[in-house]
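Some notes on the structure that comes next.
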Amino acid sequence: MRLYNHFMFDFQTPIESVPGVGPMYLKKFHQLGIKTVGDLLFYFPFRYEDFSQIKKIADLIPDEVATIEGKILQIKTFRTWRKKMFLTEAIIEDETGPLKIIWFNQPFLTKNLKPNDWLSVAGRLTENKNGSYFIPSHYEKINPEDASSRRETAGLIPVYSETAGLSSRALRFFIKKCLAQTRFPLDPLPLFLRQKYHLLDLKTALQQIHFPSSLNNAQAAQKRFYFENLFILELIMTRQRLQLKQYRGFYIKSNMAALKKFADQLNFQLTGDQKSAILDILRDLQKGKPMNRLLQGDVGSGKTVVAAAAALMTVENHYQVAFMAPTEILATQHFHTFTQLLKNFDINIGLITSTTIQISWNGLTSSLTKKDFLKQCANQQIQIIIGTHALIQKNVKIPRLSLVIIDEQHRFGVEQRKKLLENKEGFIPHLLSMTATPIPRTLALTLWGDLDISSIKELPKNRKPIVTKIITPDQREKIYQFVRAAIRTGRQAFVICPLINDSVKLEVKSVTQEYEKLKKEVFPDLNIAMLHGKMKADIKEKVMKQFLNREVDILISTSVVEVGIDVPNATIIIIEGAERFGLAQLYQFRGRVGRSSYQSYCFLFTETSNVNSKKRLEAILKAKNSFELAELDLQMRGPGEFLGTRQSGLPDYFMNALTNLDLVQITKKEAENLLFTDPELNKYPLLKDKIKEQQSILERIH
Ligand code: ADP
Ligand code: MG
């Protein structure tokens, strides 16, 4: 009676409507970001295991992956008393002889599997001093007469990234069900492109990516999705480029006298790269077209002062500036830095975060109410507004806004800029974004193809290279002694606690534990403070201030200090569980020290024996600068991790596509062609929908 319920689902069907998905599985699915049947079908395997060889038991070779079939002669579960573990042991037999199979910790198996059942088992043969036995990675009951009863074994088996309680096996089960019972939408990829580039249609591709009939077909399916994703991405980028061309930017004239006064009052000389970055920006600001410039430069290379120069030019032209930072701590720091850098100019600078409102003028800082703050933004009294995302809220009116500066954040599109300027038809503000994580060339081409880039490669002259060492547990005591000695000579230290499972709660716990340990056991005589993301903003700021004023010797922190924090007197940074962080992130951490003429140190604490983890850590010792490191990191981890998109739920296959330069070029050309003939995509409503969908994904890239 299949006929009637053949199509039970479509892509939008909530996953809990699939029979078998109870509250427990639902939670797990949500953890993987799977909310609908469509999400599940687009949850792709990251590799395939090849069990296509069905072998006779007598022909098995130790350690080789294979599938065998046989009848259960006996099966029993028992508990090993030494390790307190369940073992299920079965003897199965084919016409060439018997084989012992051992499952670990699956006591329920004996409920399901009985003597005389036929099994197909995929796995590998292991030999040790007690004899040889088979370790299964998949198994299923089969009817030896019926080939179609083999689903889980004997073939290419997709492997998914799992979460505890939702195995690849379970995922395969649900995906299989959904593939069979879902009404597929029309293929968004136009037929002419599919034909031209020999791409599978949507339905076939989805079937083949999950249950490929051969490795070639799996790859063909992958290619189709790479193509589709890149094509949509290029449509988005091309449209943005075209859109940007329609707008005008404010004309901001360079005021060389003011710039000279600014440079002369600094207590250092600008580096050559800083000067040329400033000149790049000044040139852009005078073009009358909206600037779209990325300023990339190593941590500590001095990007803030470049931003301040751009802001100064803008204010000199009687326009307003918005400067947005990703965290409150950083916004506050920028506020104080700008206050100092511009103290000899008659400029009002405001700070707005979700908890703090301040204003400064000529180096003097004071508080005011939010109402007054908003009023002063609206009547242009406050010329430079610094803040977190709070500053792009609707109620913040900045009528003469003409320059937006964004720190440590890659994405800020035409749309957002337009929103900041509702009433100025045809104009959008100039954009300067800054990052210490340089973009590898391939990604720059794909994601940020419409961007001009200035790079600061030269560090300020007074800097000494940071001594970086990987520290094993037995060396821990020595390092603590070293830290104590450095603090005695007046320096300060950071301790960064490991990232645990992306869970803020656990991270807070680990910081608290480390704090207790260091305060009570290791450094009872020193001033120790902690910082984490769950603390209230005013307390965070207080702690940062104490650290800056040297009232605190050691600051223990989560990754909240990762970006931008500037405390030149801190010369040591210890990173616990270093292998858990990405290279770019470690590099950022390290950049918290080495900001003065004192010799600085970075100690990477690790207990890992994993060879790859060690290799990654060694890369950071070798890389000369963040540009080199970025390329390395991309190679080692793939773009998904590199861009920090794992957490944002951006699928890996999507990210991987970005590094395929040939496909990037083809899809770019095709996107341009299509938009040339049909700018609004009126003939391709399905593509339009896809664009909307991916645009929201893109916005999650940070
Ligand atoms: P980042 O590029 O990481 O944002 P910052 O702008 O925070 O770096 O600058 C790091 C430190 O270097 C600050 O204390 C700043 O005052 C200092 N600095 C910036 N430019 C120079 C320079 N040309 N010479 C010496 N010190 C500088
Ligand atoms: Mg910075």
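Computed values, structure above
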read-out	value
Accessible carbon and sulfur surface of the chain relative to its total accessible area, %, 1.4 Å	52 percent
In order through segment 574-580: 3J(HN,Hα) via Karplus (6.51 cos²θ - 1.76 cosθ + 1.60), integer Hz, x for Gly, Pro	9, 10, 7, x, 4, 5, 7
Other-chain or far-sequence residues with amide H under 5 Å of residue 134's (modelled H)	100, 101, 102, 126
Dipole of the chain, positive direction: furthest Cα of 322, 291, 351, with charges on the beta-carbon	351
Cβ-placed point charges (K, R +1; D, E -1), dipole of the chain about Cα centre in debye, nearest 20	1280 debye
Of all DSSP beta bridges in the chain, antiparallel share, percent nearest 5	45 percent
Sorted peptide list for 459-467, 292-300, criterion being average Cβ within 10 angstrom, highest first	292-300, 459-467
Two-decimal ratio, the chain, of alpha-carbon radius of gyration to 2.2 N^0.38 Å	1.12
Under-5 Å amide H pairs with residue 36, H placed in peptide plane, nonlocal only	15
Signed unit charges on C-beta, dipole axis of the chain, positive-most listed residue 395, 163, 103	395
Table column - 3J(HN,Hα) (Hz), segment 354-360, Karplus curve with 6.51, -1.76, 1.60, x for Gly and Pro	5, 10, 10, 9, 9, 9, 9
Extent along principal axes [Cα atoms of segment 52-196; Å; largest to smallest]	62, 34, 27
Kyte-Doolittle at least 1.0, axis length at least 15 Å by Cα - qualifying DSSP helices, the chain	303-316
Å² per residue, accessible surface of the chain at 1.4 Å	47 Å²
Pairs of alpha carbons in segment 130-274 whose separation is greater than 28 Å (percent)	53 percent
Computed [θ] at 222 nm, helices only, for the chain once each DSSP H run of length n ≥ 4 contributes -39500 (n - 2.57)	-11500 deg cm²/dmol
Sequence-separation-based contact order of segment 484-532, relative, with Cα cut under 8 Å and 6+ spacing, percent	27 percent
Segment 24-139, dipole about Cα centre (Lys/Arg Cβ +1, Asp/Glu Cβ -1), debye to the nearest 20	860 debye
Burial ranking of peptide ranges 680-693, 584-597 (average Cβ count within 10 Å, highest at the top)	584-597, 680-693
Debye log10 I(q)/I(0) at q = 0.23 Å⁻¹ for segment 512-619, Cα point scatterers	-1.42
Translational diffusion coefficient (Stokes-Einstein; Kirkwood radius from C-alpha pairs) of segment 284-405 at 20 °C, 1.002 mPa s, in µm²/s	148 µm²/s
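The values are calculated or read from the model by the stated rules, or taken from the named source; none is laboratory data. Note that this is a predicted model, so its numbers are computed, not measured. When we count neighbours, we look across all protein chains shown, and the Cβ atoms used for this are built from the backbone with ideal geometry, even at glycine. Keep in mind that these areas ignore ligands, DNA and RNA; they rest on the heavy atoms of the full protein, side chains included. Shrake-Rupley method; radii C 1.70, N 1.55, O 1.52, S 1.80 Å.
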